[in-house]
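Scroll down for the structure; my scribbles are underneath it.
No lab work stands behind these numbers, since they all come straight from the coordinates. Keep in mind that what you see is a predicted model, and the values were worked out from it rather than measured. Cβ coordinates were reconstructed from backbone atoms using ideal geometry, including for glycine residues, and neighbour counts include every protein chain displayed.
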Amino acid sequence: MARSMRGYFLRKVIYLGITVLLIMTFNFFLFRIMPGDPIRLLFPRGADPDTLELWRGLLGLDKPIWEQYFNYIIGTFTGDWGISFGFAKREPIFDILPPFITKTLFLSGVGTVLAVFLGVIYGREAAWRKGKIFDKVATTTAVVLYSVPTFLFALFYIMIFAFIIPTWPFQGATSPSYLFDSMNIFEQIIDVAQHAFLPVMSLILESLAGFALIVRSSLIDVLTEDYILTAEAKGLEERDILKKHAMPNALLPVVAVIALNVGWIMGGTVMIEYIFTYKGLGYLTWEAILYYDFPLLQAVFFLEIVAVLAANFIADILNFYLDPRVKI
Amino acid sequence: MVKSTKIEQSKVLKFLIIIACFFLLVGIAEAFNWGLTTSNMEYTGAFLVGFAAILMAAAFLKFIKESASQRMVALILLIVTVVTVTLPLAILGLLAPGSVRELEFNVVTMMMDGIVIALVGYVFLILMFVSISDLIGKSRVHGIEKLMGPARAEKVRLANDRLKKIWKQYSTNRAGVFALIVLIIITTIAVIGPFLAPEEPLQPKIPESLTPQPPSDRHWFGTDSEDKDVWSQFLYGAKTSLIVGILAGLISLIIGTVIGLVAGYFGRVWDEVLMRLTDFFLVIPWFPLMIVLVAILGRSLWIVIFVIGIVSWSPTARVVRASVLSIKEKMYIERSRALGAKTSHIIRRHIFPNVFPLIVATSILLVAEAIFSEAFLAFFGLGDPNVVGWGWMLERAHDQSAMLNLWWWWILPPAVGIIVLIMSFYLVGDTLDEILNPRLKRR
């Protein structure tokens, strides 16, 4: 087992490496086909040509394309991600990213954990009452929710909250007064929670239905297995059978689905952060596009892909440990 | 096979009705703007129908077995079509005011219309063909046999039986049937919607009031902040969602199928390389990638369609590959190879037909995703600003903070439209998947 595990691990790491390299190549050339001279974006019209040339040299844009490519690869690993062209002019991108990353991690982390938790319960209860009216209503609701584009959840929430609680904050991650230390710690927590509430709720609804439907169908399959019948014949409590015998096996496919969903959630944060002006990576994507800030866009895009890759990798490893049937 | 000796009247009637329907559809398409941009389109009719007619002729000649008299029939039919439909429309088109000026502007739209009409024409061609064979032969099967030869006729009959069986299974699924009806309704809205719309959404208009008005007798769905009719925009929007969804789904379907077939059939290096590529597209988060691509390539409808197609093919490739891998090992493939069949023949005749049902179901799910993607791009201001769509409507509403102002009549129609359309595509795809993909059948 130990040796085969190492082989499995090694192959996954090699594939991961190839994919990362592919993505970096893709990323590099994608932003080189963008029309126009990037240096022009840094300076106003009629800037001194010598200054332009100087900056071109400083940024390495006068070098041949393969050397730029090489530098880009090296720079990505050493933390030299270039400077921002528009969003935060001439500041190193590596330094402006952290606050955005933490916000997105917070949002998507809380959203995913809650969505998985609620989705599993939802799917479990639906599967347990298979064929009954509860299951029918629940499944129909899940299918409808599954078809709703993420940004529409956000819009509906805004509409509902604007109608019921007009004072509810819709913009940003904190109130302006938060920054001036005029709040004590409780007020700060409440403030952050209030601002995060709607974005997190949108994220939950976005992926809840998908999880629920998968848990349901997987659990229905498991419940027809012979060992469940055995457990029933032994006279165990029905809920105990569900929770202790059926659920652990039914949850296996969910692990893989969560990993695949990280890409989906990334897309969701891009939409939700834009609508709620929640300043995370998704918001930064839009700002970078708005300013034609291609080094920033490149960096954000790279981070988003790496997050998805990492999640998939972790899921593969987890799946390996959880499910002995995984082929080596 | 029952052979009756005389041509039944009902068959003549059916033939006439089908022909009439075809002309009616062409007429509707021409008169009421199949084009995506809302400009005067009459003159394009000539080119479009010409295009469709050429396609029809090609298909016809392919169908008919090698016999001089049969080919003559096909040629005469083609000439009749050209003379009765294309020429009058061409003359009308030339006489229409402003046609020369708008001609070059609309080349792309024309091509789009041509494709749509050619597709419709193809379906009608087959229906017409069956009717003609009814007329010429004494019975349907006999007629087809006469025109195509016995082997082909048997194939048509089998396909017919299979379709009937699938429909029988499909019609037992209530959700699937419901979704299909909804889809037919939305398609109808897309075709005749622009004709029903009280005003053209993109036409400049002097606003009477700058605050949106709630629904009234004059404006069924109220007005937006430029005093334009929301109901008209809604009607125009259905077409955009449908066409973008179907075309983008088609693009990703073609890419996915080709890559899956090649990777699965040829294996080895092909498989490694193509599957790494597929994995790459599978892990890349779609939405950021689409944003980046559209932002770089530009914001036209064609680029949106292309980008959605390019981004979303990877799941199809995987499904097709897996299925090819299992079909490839079947005995009849080996026998066929032993008999000297070439690779292209095996793929075309044995592998592809077996993968096809799978592709049909997948493609419908792809359309649902493409519609979502289109709405998403349009909502975030990356769609074509000159194409009225449901995402486009939502973008404008959001821009004017319609949510905070509770102008629900402006938001609900496009939102509900998108949700219902996506849902019905999901349901139809899911139902078909269950029927065509026995592996997924419920216990």
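The long axis of helix A:185-223 is offset from the longest Cα principal axis of chain A by roughly 50 degrees. Peptide B:403-411 has a mean of 4 when you count, residue by residue, the C-beta atoms of other protein chains within 10 Å of its C-beta.
What average number of partner chain Cβ atoms lie no more than 10 Å from the Cβ of the residues making up B:292-299? List each step's numbers first, then the result.
Working: counts 13, 1, 1, 9, 9, 3, 1, 0.
What the average comes to for B:292-299 is 5.
Model label points for residue A:133 and residue B:168, set 7 angstrom from Cα along the Cα-to-Cβ axis, are 3.5 nm apart.
With R₀ fixed at 45 Å, the C-beta to C-beta distance from residue A:54 to residue A:310 puts the FRET efficiency at about 0.70.
Note on residue A:141 and residue B:208: with the Förster distance fixed at 41 Å, the Cβ-Cβ geometry gives a FRET efficiency of about 0.50. For chain A, the longest principal axis of the alpha carbon atoms and the long axis of helix A:65-78 meet at an angle near 60°. When the inverse distances between all different Cα atoms of chain A are averaged and flipped, the Kirkwood radius reads 23.1 angstrom. Using the average count of surrounding beta-carbon atoms within 10 Å as a protection proxy, the listed peptides B:356-367, A:16-27 rank, highest first, as B:356-367, A:16-27.
Would you mind getting me the FRET efficiency between residue A:186 and residue A:110? Use the beta-carbon distance for r and R0 = 30 Å, nearest 0.05. Mind showing how you got there, number by number?
On the way: r = 19 Å, r/R0 = 0.63.
Approximately 0.95, to the nearest 0.05.
Label-to-label distance, residue B:199 versus residue B:177, with points set 7 angstrom from Cα along the beta-carbon direction: 4.2 nm. In a DSSP loop and with at most 12 other Cβ atoms within 10 Å, the GluC sites (Glu not before Pro) in segment B:301-384 are B:329.
How high is the relative contact order of chain A, given as a whole-number percent (alpha carbon pairs under 8 Å, six or more residues apart)? Could the numbers behind the result be given before it?
Details: 322 pairs, mean separation 84.0, N = 328.
Across chain A, relative contact order equals 26 percent.
So the label point goes 7 Å from the Cα of residue A:197 along Cα→C-beta, right? Which residues of segment A:255-290 then have their backbone N under 20 Å from it? The answer is A:272-279. Note on A:162-174: average number of Cβ atoms from other chains within 10 Å of each residue's Cβ is 1.
Helix A:281-290 and the longest principal axis of the C-alpha atoms of chain A enclose an angle of approximately 40°.
With θ taken as phi - 60° and the Karplus curve 6.51 cos²θ - 1.76 cosθ + 1.60 applied, the whole-hertz 3J(HN,Hα) list for segment B:311-319 is 7, 10, 7, 4, x, 4, 4, 5, 4 Hz, x standing for glycine and proline. Loop-located trypsin sites (Lys or Arg not before Pro) in segment A:193-255 (DSSP state other than H, G, I, E, B) with a sparse environment of at most 13 neighbouring Cβ atoms within 10 Å: A:234. With a Cα cut-off of under 19 Å and a minimum spacing of 8 residues unless on different chains, the lysine pairs in chain A number 7.
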